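The structure appears right after this line, and notes come after that.
Each reported figure results from applying straightforward, stated rules to the coordinates on display, with no laboratory input. Predicted model, so just to flag it, every value in this text is computed and none were measured. Note that we place each Cβ from the backbone using ideal geometry, even for glycine, and neighbour counts take in every protein chain shown.
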Amino acid sequence: MKTEISLQSWIRYYWVGMLILLAVIYAFTSSWMLRMLTQRAEETIRKSVRIVQEDIEDALEISDSFIYESLYNGAERTVTQLYYSLGSETDPIRLLEAQHTVLASLGSIVSWSDMIDFVLVYTDRADGMVWLETGTEGNYQARRELKELLGTMITGNAKDFLRRYMVCMCPQGNYMLRVLKIEKSYLIACVSEKKILRMLSGAQYKETGIAFVAKEDGRVIAASGTVAGVLSPQQEGTYISVDGKQYLQTGYVSEQTGYYFGMLTDKQSILEDMKVFRLIFFLVFLILMILVPAVSALLHVYVGMPIRSIADSMARIAAGDLDVTVAEQSGISELGQLVRSFNHMVGRIKQLKIEKYESRLEMQKATMQYLQLQIKPHFYANMFNIIYSLAQCRDYDTIQRISQSVVDYSRYMFRDAAELVELKRELEHVRAYMEIQEIRYMKQIICEIEAGEETFGALIPPFVIQSFVENSVKYAFSLRESNRILIRVQVDDAKEYLWIRIRDNGVGYSDELLESDWKHIGESEHIGLTNVYRRLCLIYGDRSDIRLENESGAVTTIKLPYIAVDDGANEDV
């Protein structure tokens with residue numbers, strides 16, 4: 001069986017579904033927007049980091065261009081000759097001149113580039129290690145530490161660890177070095193981590209984040225903030241946790257230096273672009289939360305209650321109560337029209353029911369009258385035949401007696417056939433009819449009646465018993481034997497049905513009649529029996545029944561609903 005759900009439940013399910021759908025849309029949209037914002041921030045930061053990284057590489061390589069493009073201030077010697085003199089020149093004047101030329105070129109490099117903090121030149125001479133340097137007083141201590149560290153590496157067995165680009169970690173801070181070997185000399189351009197991080201900070205997204213430089217394995221060399229752990233390039237484009245906060249890791253691995261330059265961007269700064277979206281969504285959600293109970297209440301009052309009223313009224317109509325109307329309490333025009341149409345329909349059904357009932361009564365009355373008229377000619381033909389026979393015999397006493405019986409019989413016959421009569425009146429009528437038949441057949445036919453006093457007040461349609469008695473007289477009579485008709489009337493213990501049995505000792509009903517149902521019995525042959533059956537159907541419907549059978553003659557059993565009146569004057573028949 002299909003499960004039915006009320007309108008109010010559907011409305012409630014609808015709003016719950018809408019809220020769930022809204023939550024799903026919010027989660028999906030938030031995830032999509034976060035992904036889009038992350039991609040946009042990642043692309044922007046990566047481009048900025050790459051530009052900064054290229055600027056750092058350019059700053060470190062600028063010393064190469066100055067050296068190889070006559071940064072020795074117009075000296076007649078080539079760069080190779082100049083740096084060869086630093087390591088091999090024995091003439092103090094020429095050596096001093098070469099050193100002065102190199103220092104001038106180093107000063108030009110530092111003054112031209114804001115990135116380069118200082119430049120060192122190391123020369124390995126036979127008479128001892130020589131350092132040339134240029135820079136500011138502020139980085140003097142850093143230069144000293146680097147010279148000691150690099151000198152140890154150069155003079156020791158660690159020369160193989162010198163690379164084109166490298167990072168040296170000193171107590172004064174970390175420096176990125178550009179190392180260039182010319183003849184016996186090493187030119188080293190130094191950039192401090194502060195300047196590198198300052199340049200990287202220019203790639204920040206909305207001025208928030210942590211700039212960092214790391215080795216290829218992810219170990220952090222320098223960072224503008226506290227960073228614990230490693231920042232591997234494999235984590236590129238993902239959110240990592242730093243001090244309990246989420247940061248987007250974005251960077252670029254330099255092909256020149258081999259170091260990983262990058263930026264950690266606070267996730268909250270990226271999510272700031274979603275504030276407007278979240279605010280709008282919150283307002284929409286808040287409005288929906290307010291509208292849900294309000295709309296549900298309005299729908300209940302203006303839709304649910306009228307529909308419920310219509311449903312209740314339809315249930316009452318189905319139960320047979322047509323005195324119902326639905327109040328027009330809805331403010332919705334369509335529902336108001338529906339209610340008005342429903343009330344009009346109920347009124348019209350009630351009117352049609354009354355008209356149909358009246359029409360049915362008229363039809364039943366006309367049918368009963370027609371059936372009664374069908375019975376009367378049949379009887380009177382037999383009656384006049386009897387009177388005619390008596391008149392031939394000049395039996396005037398019998399004619400007087402039969403005439404009185406005919407008068408009594410006729411009074412009963414011409415009553416309204418649509419009304420029910422008491423059983424005792426029907427039996428009196430049968431007695432009058434049989435007195436006429438006894439005179440006709442010279443007492444060769446006997447009719448016995450067995451009925452208790454409790455049955456005399458039962459109401460039955462007129463002519464029911466008389467029709468079957470007449471049928472027995474017509475078909476069971478024989479001059480060769482005594483003809484007997486027995487009428488027995490009983491009521492069941494529950495006093496629900498009245499049973500009437502009419503038995504004769506004739507030849508019985510034909511097989512064709514017994515095998516046929518009442519709808520197919522020919523009216524021309526058994527007009528009296530079919531009329532009785534049709535009258536009972538009109539009056540009682542399927543609560544009555546007539547059963548025909550043979551048992552040493554014809555046996556007719558009639559079942560009628562037991563309807564009794566108590567007139568206090570029941571008489572024996």
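Its alpha carbons give region 174-326 an Rg and a Dmax of 33.7, 121 Å. Looking only at region 190-214, which residues have a backbone nitrogen under 18 Å from a spot 7 Å from the Cα of T226 in the C-beta direction? Residues passing the 18 Å test: 209-212. The packing ranking, built from the mean of other Cβ atoms within 10 Å per residue, places the peptides 455-465, 547-557 in the order 455-465, 547-557, highest first.
The distance between label points at R308 and D492 comes to 4.5 nm (points 7 Å beyond Cα on the Cα→Cβ vector).
When Rg and Dmax are taken over the Cα atoms of region 120-226, they come to 15.6, 56 Å. Taking amide H positions as modeled 1.01 Å from N, with prolines and chain starts lacking one, the residues under 5 Å from V491 and 5 or more places away or on another chain are W499. At full extension, D542 and S333 could sit 70.5 nm farther apart than now, given 0.36 nm per residue minus the alpha carbon distance.
Sorting the segments 190-201, 121-132 by their mean number of nearby beta carbons within 10 angstrom, highest to lowest, gives 190-201, 121-132. For region 300-307, putting each phi into the Karplus relation 6.51 cos²θ - 1.76 cosθ + 1.60 with θ = phi - 60° gives couplings of 5, 6, 8, 10, x, 5, x, 5 Hz, in residue order, rounded to whole numbers and with x for Gly and Pro. With R₀ fixed at 41 Å, the C-beta to C-beta distance from V253 to L19 puts the FRET efficiency at about 0.30. Packing around the peptides 308-319, 251-262, taken as the average count of other Cβ atoms within 10 Å per residue, puts them in this order, highest first: 251-262, 308-319.
Cα centroids of region 462-477 and region 242-283: 112 Å apart. Computed extension gain for K443 through D323, at 0.36 nm per residue and net of the alpha carbon distance, reaches 37.0 nm. Separation of the alpha carbons by more than 22 angstrom is noted, of K424/K474; K47/K195; K195/K215; K147/K184; K195/K245; K424/K559, for K424/K474; K195/K245.
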